[in-house]
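The block underneath contains the structure these notes are about, expressed in structure tokens.
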């Protein structure tokens, strides 16, 4: 919407999502997750008609199933 109105959209991501969940049916291996999530972010920025995407390069910590549910409870 912003880009459609002439605004330049610049996106910033602290991590590449390499520590996220693999999914109920694993999407990929743990070693490949960062590349898969990075590709997803690139596609999302493209869909938003973003001008640029910058990754800050922070390492996304891996979370086990128990840790993930604890963090999710904080949001819901």
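The values are calculated or read from the model by the stated rules, or taken from the named source; none is laboratory data. What you are looking at is a predicted structure, and each value in this text was computed from that prediction instead of being measured. A quick note on method: Cβ atoms are made from the backbone with ideal geometry, for glycine too, and the neighbour counts reach across all protein chains shown.
Report every pair of residues separated by at least 6 positions or lying on different chains whose Cβ atoms are under 8 Å apart, first residue within region 33-50 and on the phi > 0 side of the Ramachandran plot and in contact (Cβ under 8 Å) with a residue 40 or more places away in the chain, second surrounded by fewer than 17 Cβ atoms within 10 Å (Cβ to Cβ) and in a helix (DSSP H, G or I).
Pairs that qualify, where the first residue is on the phi > 0 side of the Ramachandran plot and in contact (Cβ under 8 Å) with a residue 40 or more places away in the chain and the partner is surrounded by fewer than 17 Cβ atoms within 10 Å (Cβ to Cβ) and in a helix (DSSP H, G or I), are 49/3; 49/4.
If you check every pair at least six apart or on different chains, which have Cβ atoms under 9 Å apart with a residue in region 11-27 that is in contact (Cβ under 8 Å) with a residue 24 or more places away in the chain and on the phi > 0 side of the Ramachandran plot first and a residue that is surrounded by fewer than 18 Cβ atoms within 10 Å (Cβ to Cβ) and part of a loop (DSSP other than H, G, I, E, B) second?
Cβ pairs passing all conditions: 17/60.
Does any residue of region 6-24 turn out to be loosely packed, with under 14 Cβ neighbours inside 10 Å, closer than 17 Å to residue 58 by Cα and touching a strand residue (DSSP E or B) at 6+ places or on another chain (Cβ under 7 Å)?
Yes, region 6-24 has at least one match.
Considering only region 62-75, I want to know if a residue exists there that is at pLDDT 85 or above and outside any loop (DSSP other than H, G, I, E, B).
No, region 62-75 contains no residue that is at pLDDT 85 or above and outside any loop (DSSP other than H, G, I, E, B).
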